[in-house]
Each structure stands twice: as C-alpha cells, then as structure tokens.
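A.B. asks: One structure, pasted below without further comment.
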C-alpha cells in the first residue's frame, strides 16, 4: 500500500468551521507517530457547507473526500481508510466508491479552480508538478510583442463582467510611455456573496501569478 496522504482544507471557510483544530490534531498525532501519513494543507474545493473537509489518498479505496470532520473523529476516520473501510458517515466525494457529490463533480470542468483543494497553495513544487509555470517558461523565450500577440490569439478576456480582451489591455499598457509601470491585482470582490477571487488566491495563488 502507498503512503497515506492527508489534505486539510485551510481556506477561510475551513478555518471558520474549525479546520485548524483538525490540522493541529493531525500534526500532534504525526509528531507522536512518525510516518503515519503525509500531512498537507490545501484550499477550498467549493463545498464550504461541508467544512472542515479532509481528503485522503493512498489506500485501495482511491482518493476520498470527507466532510464535517472534527478533531475528535479525524484519526479514527484515517485508520478506517487505512484498513479499506469506507467512512460512510462522512464521505462526500470519491473517485472509486459511491459518494453523495460524485455526480455533481462529474459534470464540472474546472479551469481556473482546477488545483484548488488539490495542491498546497504555498508550495511551488506542488504547482509545478500539476503543470504550472509552463506558460511562463515559454514567455521567457518570446519578445513582449510576441507575448501580447499570443494572448490576443488565445481570446482571453477579463472575468469582471465586461469581458474586455486581455491582449488589447496589455497592448495599451505596453504602449504607455513611462520608465515605471505597475501591475495591480484587483481582488476586491465588491459584489455581495462573491468569493471567486478569494478561492483562487487562497487555493492556487500561483495561477494568478
């Protein structure tokens, strides 16, 4: 059997629901039982209502995601998983066994949020392992005009509602006469109930860069 990997969602929604207590319990147990599992932090997978969320992988059950986990039951849930026992009361998502939200996720094609809940947002190694920074490596071989042209050809547009062409916006900035230019990341989210920017910045900040 492979090593058990335990991922705890520590975005704002998870922390508000008690995910740090779950993480601290796992960390404490790991200090007393070295090698019991690999512990990782991750972002939100989009089901804030099921927080705290813990994902497990490495057993014959494949990858499973557990919801409403707490510091009192998390170790037992991991031990059940290690023995290939399905934690039926907490399982919410799985790539092998039946779970309540399998169908919901099966119809989704995640692009911007693809890595959220899967990688450690503070680990550049995790991001690169998922294919990250390939575009940056290509950009370093191109001239500024070639980069802008690539963005124009891609059809990339802003996600703020107006859908303004990104390549056109970049061409305006490139043409501006100044020795100093600034890049501003607007993550204000002034719309009521809007949390898209927060999810990306907390779960996959490298994608923004």
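The values are calculated or read from the model by the stated rules, or taken from the named source; none is laboratory data. Model, not experiment: these values are computed from the prediction. Neighbour counts run over all protein chains shown; Cβ positions are idealised from the backbone, glycine included.
A.B. asks: Within region 67-90, is even one residue at positive phi and at pLDDT 90 or above?
C.D. replies: The answer is yes, given that some residue of region 67-90 is at positive phi and at pLDDT 90 or above.
A.B. asks: Within region 176-183, is there a residue that is surrounded by 13 or more Cβ atoms within 10 Å (Cβ to Cβ), part of a loop (DSSP other than H, G, I, E, B) and at pLDDT 90 or above?
C.D. replies: Going residue by residue through region 176-183, those that are surrounded by 13 or more Cβ atoms within 10 Å (Cβ to Cβ) are none.
No: region 176-183 contains no residue that is surrounded by 13 or more Cβ atoms within 10 Å (Cβ to Cβ), part of a loop (DSSP other than H, G, I, E, B) and at pLDDT 90 or above.
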